[in-house]
1. So if the hydrodynamic radius of the protein assembly as shown is defined as the Kirkwood radius over C-alpha pairs, what does Stokes-Einstein give as its diffusion coefficient at 10 °C and 1.306 mPa s, in µm² per second?
2. Using every pair of alpha-carbon atoms in segment B:63-143, split the distances into 10 Å bins beginning at 0 and state the percent of pairs per bin, rounded to integers.
3. Measure nothing but the geometry: give the 0 to 90° angle between the long axis through the Cα atoms of A:176-186 and the longest principal axis through the Cα atoms of chain A, rounded to 10°.
4. Using a loss threshold of 30 Å², tell me which positions in segment B:226-251 are less accessible in the complex than in their chain alone. Probe radius 1.4 Å, ligands and nucleic acids ignored.
5. Using a 1.4 Å probe on the heavy atoms of the protein chains only, list every residue of segment B:66-85 that has 50 Å² or more less accessible area in the complete assembly than in its chain alone.
6. Using r as the Cβ-Cβ distance of residue B:341 and residue A:53, and R0 as 45 Å, what FRET efficiency do you calculate, to the nearest 0.05?
7. Using amide H atoms built 1.01 Å from N in the peptide plane, name the residues 5+ places from residue A:308, or on other chains, whose amide H lies under 5 Å from its own.
8. Shielding of A:72-84 by partners, i.e. mean partner chain Cβ atoms within 10 Å per residue?
Amino acid sequence: MTRFAESTITFPYKRSLGPVVGAFMTALTDKRILGIRNGKDILVPPMEWDPTTGAELAPDFVEVGPVGTVESWTWVPTPSVQHPLQHAFAFALIRLDGATTPLLHAVDGGSSERMVEGLRVAPRWRGTRVGRIDDIICFVMGEVPETDGGDTGAAQEPVQRMDYHASITYRNPVPAATDRAVVASRNRRLLGLRCPRCERVYAGGKGYCPVDAVELGPECEVDLPTVGTITNFAIVTPVSYPGQTETEPFVRAFVLLDGTDVVIGYSPVIELPADEVRVGQRVAAVWASPAEEHDQEGGMGGAWGSLLGWMPNGEPDIDDPDLVNRIF
Amino acid sequence: MAAASGGRRPVAVVSFAQSDMVRREELRNDVEVLQPVIVDVFEKVGLTKDEMGFVCSGSCDYLVGAPFSFVSALDAVGAWPPMRESHVEMDGAFALYEAWTQLQEDDIDTALVFSFGRSSMSELGRVLTLQLDPYYVAPLWPDPVALAALQARALIDSGRYTEADFAAVAARSRRDALNNPHAQVKGEQTAEELMGDDYVVAPLRRHALPPITDGATAIILAAGDRAAELCERPAWITGMDHRIETHSLGARDLTTSPTTRRAGEAAGVVEVGDGSGAPVGVGVDVAELHAPFAHQELILRDALGLGEAVAVNPSGGALAANGVMVAGLVRIGEAASRIMDGTAQSALAHATSGPCLQQNLVCALAAEPAGDGRR
């Protein structure tokens, strides 16, 4: 029975717009649509460079539309949550009056039967506009622009940045070797896999030897010691970004397990202040209690299962100048 | 220009392997999908990774939502001791272009190229929307099917093709795929039967869309005499080029593919000579075209001037299996295989990237090296 790990990644970008895209977005807040002159052509939306030669275009803007003609369209019968409209609509290439190139946007056409090449359409503006392409909610049939709700007017300052939010949800199968390592961690066991070819041992539920590129099955499993020595570490001072929950400086340490060549990287330390961490320090594994295992993850996540990190075990430090080089 | 596209030193495809292309790899991660393919591609020529002068891969971290997934994928090759290695966040065909360029240098004779992708891990339409213009287009979330449908309608409106032509492409692809053990969508249906499919996004019916595919593929390139040692009939690369069009969809004529034509000219398989401006394909027995949507095959055929005598997509093409980041490199592998197995003397492979055939690569292959044949 395959287990799946679901995760959602968001991309909350702030994008700077520059003098050409910024001028277009600023004009949108004033319910005006700009093109840029490229020889005899008027490019809409305006581009910074000639699409054929790559030559930089002078900021020679021309107001177009706002009414235009549908050149090509496609019907979207079942919109997704990101789409501009939540009922069936058309994506269309719309050539605004005065433009040489068409603009891609949505058309609220009612039904696909009413969509036709040559259809005249006008923008439906958002009441509050911030300088984004979706300040135009969509285009509607006819020659008369609309505004949705109360009109709060044009931006007071030129628009220089825009927010762009994307989010994608993934559903990844968890490999069997990872799952076996997680299950073993519930019993305070640190599982390793020994490559039959090179004899190297790997922790972390990796089902293959990355040196010999051979698969490592259950027959390769060995129990690893849960006591080791810190070989190297870093103190991370957190900066604020989406998803960062740490607020104070914290340590990530590398631990060499006793009697092996296995180094476990990027481990949290527990009951050990950041300014007291030393190379050569002796540590033992700390495991989550059953009550803490509810989210199927300890402090290290993934295949480490219930392993939370490492804490001093009271033994004297090991004095070996070569230890610091052991990060793999 | 000819020297650049043909290369200074003959380079050939000597081995090709691919996984079965499937709707969903339920049980295996990228490394586990890739590893048997890497073993296979080496075994076919009796080589090991330690003999590779260069390794280059193509993949996309957004597919599985894992940063640096291309680095962990090297576990399938064996990345110790250190090797000369590179990666492109593109289809593997573009990784092959980089490897081919590297092989122009005289200090290496072989290269491994591979690519992998599990498109089933998320909503592929959402992932591919992230590659669009982030200012004017992406905030509207036009997914790749909607954009392809706009292109298809423009093609119908041009009067050159009809929906029935799209169905004919799909029917032929599925029939040809019956002979491809790795293909995902195959079957014996007529174009008339396929016309009974519902629209997904009009004017594209179900059969005109590519499947969502998980899979991996690998190719070994060898230069000069080394290629002839490793393979009885190497598939020599006689020319290769790739070109890109503007990101502004409205500024493109979506019914044609000028960059495919220009890449074909530079690769030496397209001539535009008779004053009419119409491209004419030259010296091609087989063409493997990376056309994820049925109508795109028609656009590409026109851009490359392929006549009725040319066998197009005998593997079934991207309509039979469309591994994102994989299907382009598979086209090169399938075209090369037709030369290696003796069924063709010459072939071309095409790979694409971006919305509506924005970027295009053409690779010309032949049973004999180009030019003076210097190895």
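1. Stokes-Einstein gives a translational diffusion coefficient of 57 µm²/s.
2. Here the calculated profile for segment B:63-143 is 14, 37, 29, 16, 4.
3. The helix A:176-186 is inclined about 60 degrees to chain A.
4. Correct list: B:246, B:248, B:250, B:251.
5. Buried by the other chains: B:75, B:80.
6. FRET efficiency, residue B:341 to residue A:53: 0.55.
7. Placed amide hydrogens put A:286, A:287, A:288, A:299 under 5 Å from residue A:308.
8. On the way: counts 12, 5, 16, 7, 7, 5, 2, 1, 6, 2, 9, 5, 4.
That works out to 6 on average.
The values are calculated or read from the model by the stated rules, or taken from the named source; none is laboratory data. The model shown is predicted, which means the values in this text are computed figures rather than measured ones. In this analysis, Cβ positions are derived from the backbone assuming ideal geometry, glycine residues included, and neighbour counts consider all displayed protein chains. Surface accessibility is based on the protein's heavy atoms, side chains included, excluding ligands, DNA and RNA. Shrake-Rupley method; radii C 1.70, N 1.55, O 1.52, S 1.80 Å.
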